[in-house]
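The values are calculated or read from the model by the stated rules, or taken from the named source; none is laboratory data. Only a predicted model underlies this, so the values are computations on that prediction, with no experimental measurement involved. So basically every Cβ, Gly included, is an ideal-geometry build from the backbone, and we count neighbours across all protein chains shown. Just so you know, the surface numbers come from the protein's heavy atoms only, side chains and all, with ligands and any DNA or RNA stripped out. Shrake-Rupley method; radii C 1.70, N 1.55, O 1.52, S 1.80 Å.
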Amino acid sequence: MGFAPAAAPRTRSPRSTIITACFDEISHSALLERVRRRIGDRRVLGLVKAFLKAGILGEDGATRDTITGTPQGGILSPLLSNVALSVLDEHIIEHGQASAPPWARERRRRQGRPNYRIVRYADDFVVLVAGTRQHAEALKEQVAAVLATIGLRLSPEKTTICHIDEGFAFLGWRIQRHQQRGSQRRYVALAAVKAKVRAITGQTTNQPLQVVLHRLNWVLRGWANYFRHGASAKTFAYLDAFTWRRVIRWLCRKHQHTGWRTICRRWLPGWRPTEGAVTLFDPGTIAIRRYRYRGAAIPSPWAATTGSAG
């Protein structure tokens, strides 16, 4: 898990965090209590309990009891770990941070109170804090206390507090804010995908435009689909504009003795670079799909208490 504090009085601070031995230390009693809040069918509850208490068969052939944790590699373990870690999502909601309207967040800023959001994938998560380092430190203590209720601890080695301008690693990606040259505007760089676009449009101009567009479309579609759950529409629009400019420069280099009007007529129908049946892909056409915590809003098919735990 990560937290990023502000170096200035109030700035966006990410904090990245990882939980120590998540699958080994989850409290069975706390986990089963959370499952019981949603599932009343005792047969299902009995199966979950049996899964947790199944024990471990060692290489020496001996079976050892499992007092805490869920079996690593077990088909139910990822689901149960998310059930347990939903305490973090609930903590955010209880403090009005997950679904608070813009005016409420603005009021908190005027009052000198922090705003924060959580981004979680299994036991890895980042808390983005709009406030001071002291706010991030206090939130870290809150998160540690919340995790303690289900028998979990933060990893001291992998839990960091840093400023967004310093950058942090999350799920294999490096996320860092930069300042635009000649401007006070700041942005989170799309370094990897922009480097690929530069490489494709910076090579020799001997290849046909159709080949260049095919290669670009493959890169843009893959990147946009990967980030459609988190990247904003503005980011997609920026990437489209960047790629469009690179293709236009490539066309102008390839056809140095062709007038701009001719280039527009032949290769820019509808203002999109096109050759034959291939048109430059627009990342902005990818729908943004956000998965927000819905909690009890998700219907449970096992809400009724039927049968008995076997």
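Some points to look at:
- Segment 35-45 - residue that is at pLDDT below 85 and of a type in the set (D, E, K, R) and, of those, surrounded by the fewest Cβ atoms within 10 Å (Cβ to Cβ): 37
- With respect to (1) open to solvent by 70 Å² or more (accessible area, probe 1.4 Å); (2) under 22 Å from residue 175 (Cα atoms); (3) outside any strand (DSSP E or B), the lone exception for residue 135 is condition (1).
- Residue match in segment 231-252 (condition: within 26 Å of the chain's Cα centre (by Cα) and outside any helix (DSSP H, G or I)): yes
- Taking segment 265-294 as the range and being surrounded by 13 or more Cβ atoms within 10 Å (Cβ to Cβ) and either part of a helix (DSSP H, G or I) or modelled with pLDDT under 90 (or both) as the test, the residues that pass are 266, 267, 283, 284, 286, 288, 293.
- When the test is whether a residue is open to solvent by 70 Å² or more (accessible area, probe 1.4 Å) and under 21 Å from the mean Cα position of the chain (by Cα), residue 113 does not pass it.
- The requirement of being buried (at least 16 other Cβ atoms within 10 Å of the Cβ) and modelled with pLDDT of 80 or more is fulfilled nowhere in segment 171-189; no residue meets it.
- On inspection, residue 132 passes the criterion of being hydroxyl-bearing (Ser, Thr, Tyr) and over 30 Å from residue 32 (Cβ atoms).
- When residue 63 is tested against the conditions (1) open to solvent by less than 60 Å² (accessible area, probe 1.4 Å); (2) touching a strand residue (DSSP E or B) at 6+ places or on another chain (Cβ under 6 Å), the lone failure is (1).
- With respect to the conditions (1) among the β-branched types (Val, Ile, Thr); (2) free of Cβ contacts under 8 Å to residues at least 24 places away in the same chain; (3) touching a Leu at 6+ places or on another chain (Cβ under 7 Å), residue 193 falls short on a single one, namely (2).
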